[in-house]
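Colleague: First, the structure itself, so that you have it in front of you.
Just so you know, all these numbers are worked out from the coordinates, no wet-lab data involved. Please read these numbers as outputs of a predicted model, since none were measured by experiment. For neighbour counting, all protein chains shown are included, and Cβ atoms are generated from backbone atoms with ideal geometry for every residue, glycine included.
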Amino acid sequence: MKQDMLHVKAPGNWMNDPNGFIFYRGEYHLFYQYFPYGVQWGTMHWGHATSTDLVKWTHHPVALFPSKAYDQNGCFSGTALEVQEKLVLFYTAVRYEVINEENVHVIVEDQFESSQALMISEDGYTFDNLASKQQIIPPITDAALGDRTHTRDPKVWSYRDQYYMIIGTKTADKQGKLLFYNSMDLLNWSIVNTYTKSGLGHMWECPDIFSLTDRTSGEQEHVLLMSPEGIQPGMLYPSHAMCSLVSFQEESCEIVIPDKLHLVDYGQDLYAPQTNLDEAGRRVMVAWMRMPKPVEKAGERPWIGMMALPRVIEVEQEHIYFRVHPEVQQYFTNNISLEQLDYAEPFHLQTTLHEHHVLDIGGYRIWLEGGSLHTDRTDVFQGLEQYNLHFQTPEWHGEWQLDIFVEPNLIEIFVNQGQYVLSNVVYDLKAYVSYEGELKCKIG
Ligand code: FRU
C-alpha cells in the first residue's frame, strides 16, 4: 500500500481536513476529508492512514463513505474516541436538499442540512458503513440554537463519567457560535451550553478545546483552536485557523473567548487543525495545508492537499507554542552538506537568523525586518499571484533560532522551538540554498 514519509498527502485526488486523529491500540490513525474522484472538493469520504511513529504513514482504503439518507452527500469532519476498546468516529452527516443536475458532488447554494453521526469500528480497520453508523444529533430546527445547514465538526472527549462534544455553528445574524453537548451513552445528547461572540467570523469550523498545564506557572489553562470562516474578509483565504487561551469550566462548559485570537500558523495556508494525545500524553496537533493547485508528475496520480508536520502544543508564560513533534525532530539525524542534498527528499535546516541576512531556499526567501520574520514565495508560487505571497510573524525582539523543514511542496519554519510557526505551500522549488550565515543541514 502507498506510504508517505512525514507528511500525509492525498493518495491521488483531493484531501482537506484531518479527521479522527487518535493513538489507538498501539498505532496512530489519521483520517481525512477525501474526494476520491477528482482534484477538487466534492462528496466527502474519510480517507485513512496509520503510523506507529508519526513519521512513516501507510494509506488504507476509504473508511467512511455516504451510505445513509442522512449522510448521502458527505461525511464531513469529525474526531475519534476510544470507548471500551472500540474506535468511535464522530462526524457531520450531510444531505443535500436539491441535487445539482450537472454535478451531484457539489451543493446548490447552501441547500443542505447537517446532522451529527457516529460510526463504531471494532478494530480501527473495519468500517461497516451499513451496520455501524448512527445519527446522534438530528439537524437543528430551532434557529435560536443554531443553523440547520452550517452546524458541524464534532470534537468529543470524556470528562469524569460523561462524554462532551463541541461543535461549530452560526447565529441567525451570521456570527460564529459554539454548541456544547453531553451524553452518558454516546447516543443521547443534550445541550449543555452555547457561546457566541461578534467580530470573529461568521461560522466557526472545527472547534477543539483542551487543557494544558502552563510549564512556567504550573497553572491549568484551556486552549481553544478553531477555524472561523470570514475572519479575513476580502482575501482569497478569508478563513483561518486561530487559537487562544480561554476561560472554561469543564462541567458547565461555560467559556469566555477573548477579543483577539492568534493565528496558529503565520503562513496562513494551514487550516482545520485538530488535536489528540500521543502515546506519551503530549497534546499533538495535525492540520491541513491548503494547496491552490494539484501536483502533477508523469506516471503519478495528481494529488492536492497534505498534512503539516505533527506539532506538540505547550503553554509557557501564557503563550501557546507549536513545537515540531520529537519523533519528527529525531528523524533528521544525518548531517549533510548543502552540496550533497537531494532536493526531492525532505531536509531540515537550522540557523540563527540575523538582520540583513536573506536565507533563500530554492526561490523561497526568509529574512528579518522591523522585528518580524518575513517570507516571500513569489518565485515558487508562479501563476498564483492572486494568493498571498508575503507573510510575517509578530514582532519579537530577541534571538531568531530557526528550525526549517523543507520538502518539495512545503516549507515549515519553527521560530525559537515553536514560539511562532510559519509554513507555506510552494511549487517548483529550485535545487539550491543560498545564505551568508551559518547553517546546519540534516536529512533522515
Ligand atoms: C473545513 C471544513 C469543515 C467541514 C469540511 C468539509 O475545511 O469546511 O467545516 O466539515 O471542511 O469537507
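Colleague: What do you get for GluC sites (Glu not before Pro) in the range 92-163 restricted to DSSP loop and a cutoff of at most 15 other Cβ within 10 Å of the site's Cβ?
Modeller: E97, E101, E102, E109, E122
Colleague: Please provide three numbers in whole Å: the alpha-carbon extents of the range 3-325 along the principal axes, with the largest listed first.
Modeller: The Cα atoms of the range 3-325 stretch 54, 46, 44 Å along the principal axes, largest first.
Colleague: Between W396 and S247, what length in nm is gained on full extension when 0.36 nm per residue of separation is reduced by their alpha carbon distance?
Modeller: Fully extending the segment from W396 to S247 adds 51.0 nm.
Colleague: With the chain treated as a Gaussian network of Cα nodes joined by springs under 10 Å, which of Q317, Q419, Q134 yields the largest mean-square fluctuation?
Modeller: Taking springs between Cα atoms under 10 Å, the residue moving most is Q317.
Colleague: Once you put a point 7 Å from the Cα of A143 and another 7 Å from the Cα of V62, both along the Cβ direction, what distance in nm separates them?
Modeller: Distance between label points: 3.6 nm.
Colleague: By average Cβ neighbour count within 10 Å, what is the ranking of 142-154, 385-397 from highest down?
Modeller: 142-154, 385-397
Colleague: Sticking with this one: Over 5 Å intervals from 0, what percent of Cα-Cα pairs in the range 195-309 sits in each interval?
Modeller: The calculated distribution, bin by bin, is 2, 10, 17, 20, 18, 13, 9, 5, 3, 2, 1, 0.
Colleague: Kirkwood Rh, Cα Rg: Rg to Rh for the range 332-443?
Modeller: Rg/Rh for the range 332-443 comes to 0.94.
Colleague: Using unit Cβ charges (K, R positive; D, E negative) and no other charged atoms, how large, in debye to the nearest 20, is the dipole of the range 332-443 about its Cα centre?
Modeller: With Lys and Arg at +1 and Asp and Glu at -1, about 140 debye.
Colleague: Using a simple spin-label model with points 7 Å from Cα along the Cα→Cβ vector, what separation in nm is obtained for W41 and I443?
Modeller: That separation, rounded to one decimal, is 3.8 nm.
Colleague: How far apart, in nm, are two points set 7 Å out from the Cα along the Cα-to-Cβ line at K174 and at A131?
Modeller: Computed distance between label sites K174 and A131 equals 4.8 nm.
Colleague: Could you tell me what percent of the DSSP beta bridges with both partners in the chain are antiparallel, to the nearest 5?
Modeller: Bridges in the chain that DSSP calls antiparallel: roughly 100 percent.
Colleague: Can I ask one more? Using r as the Cβ-Cβ distance of N100 and D259, and R0 as 45 Å, what FRET efficiency do you calculate, to the nearest 0.05?
Modeller: 0.70
Colleague: Once you charge only the Cβ atoms, +1 for Lys and Arg and -1 for Asp and Glu, what is the size of the charge dipole of the chain about its Cα centre, to the nearest 20 debye?
Modeller: That gives a dipole near 640 debye.
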